[in-house]
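Asker: Please read through the structure below; I'll follow up with questions.
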Amino acid sequence: MTGVAFLLSAAACSVDQDDVGLDERIGEQGSALEISGVGVSYISVDDQGMSHVTAWDEKAGYAGLCYAMARDRLFQMDAVRRSAQGRLAEIYGPGDDDSIVGQDLLARAQDLPAFAAARYATAASRTKRALQGCAAGVNQYISVAKASSGGLPLEFQALGYEPEPWTPEDSVLSYIYVGVTFDTLTWFTKLERAAVAAIAGTDVATTLIKEARDDVSMFDAQGNLKPISQFLVPPGPSALTATIVNPPPPPSCLEGPRQLTQQLLRMAPASGRASNAWAVDGRLTSTGKPLLATDPHFPHSTPAAVYLAQLKVTGQYNVAGWMVPGFPGFVSGHTDKIAWVPTFSLFDSVDLYKETLRTATGGGEEVLINGQWKPVTRRVETIRVKGEPNVYRTFRTTPHGPVINDGLDGLEAFGTLALKSTAGQPEWKVDGYFEMPAATTFGQFKAAALKQSIGWNFIFADYTGPYGHIGYQNSGLAPQRQSPLNALYPVPGSGGYEWTGYATNAELPSVYDPPSHVLVTANNRMVPRDYAPQGRPVHLANYWDMPWRAQRITTRLTTATQPLTPQDMASIQLDTQTTIGLPLRDIYIGALGRVGLPAGDPSAAAAVAALQQWDGNTAASSQGAAVYQMLTFILLRNTVTDVIGPDEYAAFAPNVFLTNQLNGLLDVLGNPRAPYFGIAEGVDAAAARDEAVRAALGQADEMLRGALGSDVSAWTWGGIHELTYNHPLASEDARFDIGTFAATGDVETVNVGGWFAKIGNLALPPGDFEDAGGLRAALAQDALSATRLVWNLAPLDGSLGVMSTGMSGDPRTCHYADHAEAWRTGQIFPIPFTSAAIP
């Protein structure tokens, strides 16, 4: 297996990173950094911009780690903090049509800072020490940067403000916001399911928001790992081959910012969920020891949505891995003894309660819960808006949680909705991340993983014994309810739908040393609906992703004819072969063979010929992929719009994950029935489906001609599917602008091509469609693998990694975009771990 290039060295940077605050004493451990009141850390930065931190004390180590993080990502950290606090309009202004104010209002309604403060207050002492050290490191960087000749990062200078001091609670808030970003799609899907059910009935809602089948779950109802054979699919064509190349030259550095204008890019997080993680033990690898891979999929951001660093606390542990900017816990990492990789487990960790309210005696409101009227708390907040008057808003909270209506318009039809989330509960914690680095066995790692509360699938490896060992642990808070309806819709808050507790640790699926020697997770269904490992029914999630990425990864791992190498792991991360593409293509070709081509479509014959020759790969250069994707998107749009109407589709398209929509399309294409495709009593169902395919092809071809011209041979997927590096100030200062490039992959490929949150634009009237950016805006890559990593501890310096942009968020350094071209072209760098390998 091939398909990825190793980059063995880095060209010298034309601009050195500003090491303000670092002592000039440089030894084997790096530059010395003394943090007031904490201690000394030593920081080295390797050729790829990754920071390696060493300290004798854990608190000082986290101080040094967060100093390095702030030096590289301070503005991103502050932007995440402000997103969670609802304070973006302070620095950006109101946004187009008050979009940024709207984002702030929704964040304020959720009251996340209060959750973070409460969770920090009850955190373990070790967690508090680490986060206190982190805050000290961030604040020291802020101080020395303000006093340095270069000043604060450029974004602060351009926007004209200074960051506030960092607190330990801010780090907890940053991690809470990760869960909120993912969970928002869950509760929006519950809203949309209720809306579709009201329009067309529950059967239609179940079909259009189609869940993954039980028979493709990773574990059975008793909690036993199922045979790997269920995940095998046709292998498809071989992967692309890459060669070893030198890294791209560092970016040029311009002088002086352009004048800041009022136009600001939106900072709202994209909705979606995806990631891939897998491990194979030494029986299947060239090293004779386990190999692991992780490529966390996040909303596309510039700089990348994760941060990569190493922390060595002398005498305790040595760990390298990725973390969320602002939160110094290693979500994925490796030490000299173990490694772990995660994917989001899609826990159903939020509920919407339709509250019954009345005016309380003496003023205010009360809410009815289980026959008792309880007080509704109120708070008035001020949203400061740059360049405009302040906005004042009253926000309410019931015993279930914050009232979302106070920060989100358009919910009147649902009633007054309170959002209950695990982040708002006292059981929620982050302590496990500060125990993971010291773990040396699966048992110790498992115990640590179960002390954090966002739903993750953790895949683990240790290197003991002749081949090492691999394991899996599901982790997080999984609420149990009185009713199964909570998982589907907003539910009455007056009683009968309350939480009854959480899945116990013993009820969360786990396995060690699987007989297949392979473990794969890709947000796919972990357990069936009747899961009851300890005898009682346990609910973990409803909206698992489809098994398609997991099937593709498993197939590539298990059909290899030679022992798997680290390069093979990285090659699989580049895979753009679809799992459902060829089955859908065959349905389309069959339908068109029966009803013929659309009349008046000059492109139809050539487009169908390209579709027939297509191999199922979504490479940017693929002609067949362009036809397939457009035909599929238009057919999906038509199918859903015909049933629920164009107005509801505008909300449905971005708020229901696209793979659930595609799964529904597969269902109705394979079993055409009313009310889809205009089918009614007396209508030939198969013929109606075929006619729908023909009509969609004509409309798809028309849009492709409008975007790419009349020469079908020039149509490519990358011609309409682009990646634009989206730093919020890129249009104001050229130093932030990395560019726009043809993109690859789609929503169901291992190398994800996006979540396509703007796919609903395809239903806009022509003028509005062009005003919204046309086809390229509708199909722009809005999510990607923020990093690609392969953990290989044999040898300890054998791991590989690449960022989607670079390690730094400051374009004045040479590590702002020095990974971007390598990431796009499938190249990857060695990651040094031992002191001898760190420059």
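The values are calculated or read from the model by the stated rules, or taken from the named source; none is laboratory data. What you see is a predicted model, and the numbers here were worked out from it, not measured in a lab. Note: ideal-geometry Cβ built from the backbone for every residue, glycine included; neighbour counts use all protein chains shown. Side chains are part of the model used for accessible areas, which takes the heavy atoms of the whole protein and leaves out ligands, DNA and RNA. Shrake-Rupley method; radii C 1.70, N 1.55, O 1.52, S 1.80 Å.
Asker: Run LEU368 past the list (1) of a type in the set (A, V, I, L, M); (2) at negative phi; (3) open to solvent by less than 30 Å² (accessible area, probe 1.4 Å); (4) in contact with a Gly (Cβ under 9 Å, 6 or more places away or on another chain) and report the number of the one that doesn't hold.
Answerer: So LEU368 meets the others, but not (3).
Asker: Would you kindly identify the helices (runs of 4 or more DSSP H) lying entirely within the range 97-195 that contain at least 1 residues that are more than 25 Å from HIS727 (Cβ to Cβ)?
Answerer: Numbers: elements: 99-110, 112-121, 125-147, 154-159.
Output list reads 99-110, 112-121, 125-147.
Asker: Within the range 341-360, does at least one residue satisfy the condition of being in contact (Cβ under 8 Å) with a residue 60 or more places away in the chain and farther than 30 Å from ARG481 by Cβ? Working first, answer last.
Answerer: Filtering the range 341-360 down to residues in contact (Cβ under 8 Å) with a residue 60 or more places away in the chain leaves 341-356.
With farther than 30 Å from ARG481 by Cβ added as a condition, the list becomes 341.
Yes; the residues of the range 341-360 include at least one that is in contact (Cβ under 8 Å) with a residue 60 or more places away in the chain and farther than 30 Å from ARG481 by Cβ.
Asker: From the list ARG525, ARG556, pick out the single residue that is within 28 Å of THR184 (Cβ to Cβ) and either surrounded by fewer than 23 Cβ atoms within 10 Å (Cβ to Cβ) or out of contact with any strand residue (DSSP E or B) (no Cβ under 7 Å at 6 or more places or on another chain) (or both). Before the answer, list the steps.
Answerer: Values: ARG556 fails: within 28 Å of THR184 (Cβ to Cβ).
On inspection, the qualifying residue turns out to be ARG525.
Asker: Now for a different question. How many residues does the range 695-717 contain that are touching a residue at least 12 places away in the same chain (Cβ under 8 Å), open to solvent by 10 Å² or more (accessible area, probe 1.4 Å) and not aliphatic (A, V, I, L, M)?
Answerer: 8
Residue-wise test of (1) part of a loop (DSSP other than H, G, I, E, B); (2) among the β-branched types (Val, Ile, Thr); (3) open to solvent by 10 Å² or more (accessible area, probe 1.4 Å).
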residue: PHE298; (1), (2), (3): no, no, yes
residue: LEU308; (1), (2), (3): no, no, no
residue: GLY315; (1), (2), (3): yes, no, yes
residue: TRP322; (1), (2), (3): no, no, no
residue: VAL331; (1), (2), (3): no, yes, no
residue: ALA339; (1), (2), (3): no, no, no
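Asker: Further question on the same structure: Select from the range 341-350 the residues that are in contact with an Asp or Glu (Cβ under 7 Å, 6 or more places away or on another chain) and outside any loop (DSSP other than H, G, I, E, B) and list them in ascending order.
Answerer: The one that is in contact with an Asp or Glu (Cβ under 7 Å, 6 or more places away or on another chain) and outside any loop (DSSP other than H, G, I, E, B): VAL350.
Asker: Go over the candidates ARG673, ARG735 one by one and state the one that is of a type in the set (Lys, Arg) and either touching a Ser or Thr at 6+ places or on another chain (Cβ under 6 Å) or within 25 Å of ASP818 (Cβ to Cβ) (or both).
Answerer: Numbers: ARG673 fails: either touching a Ser or Thr at 6+ places or on another chain (Cβ under 6 Å) or within 25 Å of ASP818 (Cβ to Cβ) (or both).
Sole residue among the options that is of a type in the set (Lys, Arg) and either touching a Ser or Thr at 6+ places or on another chain (Cβ under 6 Å) or within 25 Å of ASP818 (Cβ to Cβ) (or both): ARG735.
Asker: Now, a different point. Tell me which helices (runs of 4 or more DSSP H) are completely within the range 718-836 and hold 1 or more residues being touching an Asp or Glu at 6+ places or on another chain (Cβ under 8 Å) and open to solvent by 20 Å² or more (accessible area, probe 1.4 Å), or say none if there are none.
Answerer: In the range 718-836, the matching helices (runs of 4 or more DSSP H) lie at 774-778.
Asker: Of all the residues that make up the range 640-679, how many are among the polar types (S, T, N, Q), assigned to a helix (DSSP H, G or I) and open to solvent by 20 Å² or more (accessible area, probe 1.4 Å)?
Answerer: So the first thing to find is which residues in the range 640-679 are among the polar types (S, T, N, Q), and the list is 641, 655, 659-661, 663, 671.
Narrowing the set further to residues that are assigned to a helix (DSSP H, G or I) leaves 641, 655, 659-661, 663.
Of the ones still in play, those that are also open to solvent by 20 Å² or more (accessible area, probe 1.4 Å) are 641, 655, 663.
Final tally of qualifying residues: 3.
Asker: Test ARG525 against the stated conditions and say whether it is under 27 Å from the mean Cα position of the chain (by Cα), at pLDDT 95 or above and farther than 23 Å from GLN452 by Cβ.
Answerer: Considered against the rule, which asks whether it is under 27 Å from the mean Cα position of the chain (by Cα), at pLDDT 95 or above and farther than 23 Å from GLN452 by Cβ, ARG525 comes out as no.
Asker: Closer than 29 Å to HIS727 by Cβ and either in a loop (DSSP other than H, G, I, E, B) or modelled with pLDDT of 95 or more (or both) - does that describe any residue in the range 53-61?
Answerer: yes
Asker: For the range 717-750, which positions are closer than 17 Å to GLY826 by Cβ and of a type in the set (Phe, Trp, Tyr)?
Answerer: If the condition is that a residue be closer than 17 Å to GLY826 by Cβ and of a type in the set (Phe, Trp, Tyr), then TRP717, PHE741 are the ones that fit.
Asker: Scan the range 600-623 residue by residue and report those that are open to solvent by 50 Å² or more (accessible area, probe 1.4 Å) and touching a residue at least 12 places away in the same chain (Cβ under 8 Å). Break it down into steps so the answer makes sense when it comes.
Answerer: Of the residues in the range 600-623, the ones open to solvent by 50 Å² or more (accessible area, probe 1.4 Å) are 600, 602, 605, 612-613, 615, 621, 623.
GLY600, PRO602, GLN612, ASP615, SER621, GLN623, listed by residue number.
Asker: Can you spot a residue in the range 372-384 that is surrounded by fewer than 22 Cβ atoms within 10 Å (Cβ to Cβ), in contact (Cβ under 8 Å) with a residue 60 or more places away in the chain and in a loop (DSSP other than H, G, I, E, B)?
Answerer: no
Asker: Related question: Go through the range 680-697 residue by residue and tally those that are within 10 Å of LEU631 (Cα to Cα) and either under 34 Å from the mean Cα position of the chain (by Cα) or not in a helix (DSSP H, G or I) (or both).
Answerer: Number of matching residues: 3.
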